[in-house]
Amino acid sequence: MTEIIGTSPAARPQHRPDEVRVDGVVIPRAAIAREIQNHSTKTPADAWRAAARALVVRELLLAEARRLDIVPQPATHADGTRETDEEATIRALLEREVTVPKADTATCRRYFERNRAAFRSDDLYEVSHILIPAPPADEAKRSVARAEAEAVLRVLLTDETAFAEMARAHSACPSREVGGSLGQIGPGQTVPEFETALSAIDPGMVHPQLVATRYGFHIVRVAQRMLGEDLPFEAAEEAIAAHLEVTSWHIAMRQYLSLLAGRADIRGVALEGATTPLVQ
């Protein structure tokens, strides 16, 4: 890992080992420096350790493949790119050594029954709004915006038919061009504070309270609420099976790496699982 220009010795990453080795095989510092770009961490020192661990894992896998005399057979991906010999070797090793059972229908159904809430279509809302903008940190502007929004709201509480007209005249949202309509929206499509308010608004009327968000104040009308429905097991089985198999594969992979690390001599970096089982 190259030194950071302009930093004092005290500011440089501490406790960085001079050499990382796996059963006597040295992981070059230049290779660790190149690997760092693949790891997003809070500090350069954390990035260095993450990169070093990744390369230690790669060496463990390649060493085991050599021990088992695995011959690489690189495959060509759908986009036309071809595996490197190392990629093909590791893939072949894992296909041979890390296997997980297929999730059968009974297992999937048990998961489905335990997690019913996850297999329900989202509620949808047909919503219109008028946005009176105000920056979140400017109390003076928010006070003025609130007063304007309250004045608009008072009008609409006595005459809901004026909603589209008031939206075109006052709203800062592009939806003003269609009378404030946002169409049908569901979870994750709006900011959390707006989304939370929707479930408390009675359908078919203008909400009698302003909805405050980071963007300002909203006058909201929910024309209709379409409740989600429970999905049948048959519609969810394929997704459940895929989820269970991926989860099982990750657990099996952690166990396998723990086994390899536990019998290897790793120096220069602490590899999780080298002395403690990762089995969960």
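Before moving on, here are some points about what is shown:
- Options ALA197, ALA270, ALA264, ALA223: the member that is aliphatic (A, V, I, L, M), under 19 Å from VAL127 (Cβ atoms) and over 26 Å from the mean Cα position of the chain (by Cα): ALA223
- Scanning the stretch 71-84 for any residue that is more than 30 Å from SER181 (Cα to Cα), of a type in the set (D, E, K, R) and open to solvent by 70 Å² or more (accessible area, probe 1.4 Å) turns up at least one such residue.
- Applying a threshold of 7 Å to beta carbon distances and a minimum spacing of six or more residues, or different chains, the list of pairs starting in the stretch 168-179 at a residue that is more than 12 Å from VAL152 (Cα to Cα) and charged (D, E, K, R) and ending at one that is open to solvent by less than 70 Å² (accessible area, probe 1.4 Å) and not in a loop (DSSP other than H, G, I, E, B) reads ARG176/ALA167.
- The residue that is most open to solvent (accessible area, probe 1.4 Å), among those in the stretch 48-61 that are farther than 11 Å from VAL22 by Cα and without any contact (Cβ under 8 Å) to a residue 60 or more places away in the chain, is ALA54.
- If you go through the stretch 197-208 and pick out every residue that is surrounded by 15 or more Cβ atoms within 10 Å (Cβ to Cβ) and part of a loop (DSSP other than H, G, I, E, B), you end up with 2.
- Options GLY204, GLY183: the member that is over 23 Å from PRO135 (Cα atoms) and in contact (Cβ under 8 Å) with a residue 40 or more places away in the chain: GLY183
- Reported count of residues in the stretch 152-172, each being under 22 Å from GLU193 (Cβ atoms) and open to solvent by 40 Å² or more (accessible area, probe 1.4 Å), is 3.
- Selection status of THR43, open to solvent by 40 Å² or more (accessible area, probe 1.4 Å), under 20 Å from ALA92 (Cα atoms) and hydroxyl-bearing (Ser, Thr, Tyr): no
- You will find that of ARG120, ARG91, the residue that is of a type in the set (D, E, K, R) and crowded, with 17+ Cβ neighbours inside 10 Å is ARG91 and no other.
- Looking only at the stretch 141-161, residues that are touching a helix residue (DSSP H, G or I) at 6+ places or on another chain (Cβ under 8 Å) and either of a type in the set (Val, Ile, Thr) or over 13 Å from VAL220 (Cα atoms) (or both) come to 3 in all.
- The stretch 179-196, residues that are part of a strand (DSSP E or B) and surrounded by 15 or more Cβ atoms within 10 Å (Cβ to Cβ): SER181, LEU182, ILE185
- So PHE112, is it within 30 Å of ARG176 (Cβ to Cβ) and surrounded by 16 or more Cβ atoms within 10 Å (Cβ to Cβ): no
- Pairs where the first residue, in the stretch 103-121, is closer than 17 Å to SER248 by Cα and the second is of a type in the set (Phe, Trp, Tyr) and surrounded by 14 or more Cβ atoms within 10 Å (Cβ to Cβ), C-beta under 9 Å, 6+ apart: ALA103/TYR111; THR105/PHE233; CYS108/PHE233; ARG109/PHE233; PHE112/PHE119; PHE112/PHE233
The values are calculated or read from the model by the stated rules, or taken from the named source; none is laboratory data. Source: prediction; values computed, not measured. FYI the Cβ positions are ideal-geometry reconstructions off the backbone, even for glycines, and counts take in every protein chain you see. Quick note on the areas: whole protein, heavy atoms, side chains included, nothing else; ligands and nucleic acids left out. Shrake-Rupley method; radii C 1.70, N 1.55, O 1.52, S 1.80 Å.
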